[in-house]
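Everything on this sheet refers to the single structure shown next.
The values are calculated or read from the model by the stated rules, or taken from the named source; none is laboratory data. Just so it is clear, the structure is predicted and the values come from calculations on it, not from any experiment. Glycine also receives a Cβ, built like all others from the backbone with ideal geometry; neighbour counts cover every protein chain displayed.
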Amino acid sequence: MMGVRVPLVTPGTRPELAEIEARILAERGRISLLYQVLLNSAPIASGWERLLTAVRNQTCVPGDLRELMILRVAVLNRAAFEFDAHVPHAQRAGVSDEKIDAVRQPGIAGLFTDDERLVLELTDTMTRQVQVPDSLMHRLQARYDARSLVEVVATVAAYNMVSRLLVALNVEH
């Protein structure tokens, strides 16, 4: 398999990136392989860090639902790096190993709760078909207020962005 399709930026080697690197370190605790790729573009790395920090740490979406959606996006987009990176987050958020295994399956398993099935159906629909049918949206609107609905949809959208960048640039372990 070929390696990453752009050079990795070694943290601390480009003074103009110091502020962005400091923010990434403060939020993430390290500058991961993904950020070493993103730092090839300071504006993208900066905006990415802000957006993904908002999605992961500043919404009202419960951590277990968020991580199930992220894992499902990774499976659907064949983004193994993203999946592997989020398994520990999912476990810390209380997602069982059984459910982590179940998001790998083609359908949505019966072991998921009603809320989990609903967000996984949204995840599958947004990732595979992009357009969300009114029937599914009505079910989501009955369950979530406007803020929560925007945040659930933004989570799926943001992690589709993540997985598609990782796959296109061949970022893997």
Of the residues that sit in region 133-164 and are within 17 Å of Met69 (Cα to Cα) and without any contact (Cβ under 8 Å) to a residue 12 or more places away in the chain, which one is surrounded by the most Cβ atoms within 10 Å (Cβ to Cβ)?
Tyr144
Count of residues meeting criterion [more than 24 Å from Gly94 (Cβ to Cβ) and more than 16 Å from the chain's Cα centre (by Cα)] in region 140-168
3
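Determine which member of the set Leu118, Leu111 is in the same structural domain as Gln91 (by TED's automatic domain parsing), out of contact with any Phe, Trp or Tyr (no Cβ under 7 Å at 6 or more places or on another chain), not hydroxyl-bearing (Ser, Thr, Tyr) and not in a helix (DSSP H, G or I).
Numbers: Leu118 fails: not in a helix (DSSP H, G or I).
Result of the check over Leu118, Leu111: Leu111.
State which residue is nearest to the chain's Cα centre (by Cα) when the search covers only region 9-22 and only residues that are at negative phi and loosely packed, with under 15 Cβ neighbours inside 10 Å. Explain how you work it out, then say what you get.
Residues of region 9-22 at negative phi: 9-11, 13-22.
Those left that are additionally loosely packed, with under 15 Cβ neighbours inside 10 Å: 10, 13-16, 18-19, 22.
Values: Thr10: 24, Thr13: 28, Arg14: 27, Pro15: 29, Glu16: 27, Ala18: 25, Glu19: 24, Ala22: 22 Å.
Selected residue: Ala22.
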For region 41-69, enumerate the residues that are surrounded by 14 or more Cβ atoms within 10 Å (Cβ to Cβ) and of a type in the set (S, T, N, Q).
Ser46, Thr53, Thr59
One residue is enough: does region 57-78 have a residue meeting the conditions assigned to a loop (DSSP other than H, G, I, E, B), in contact (Cβ under 8 Å) with a residue 60 or more places away in the chain and at positive phi?
yes
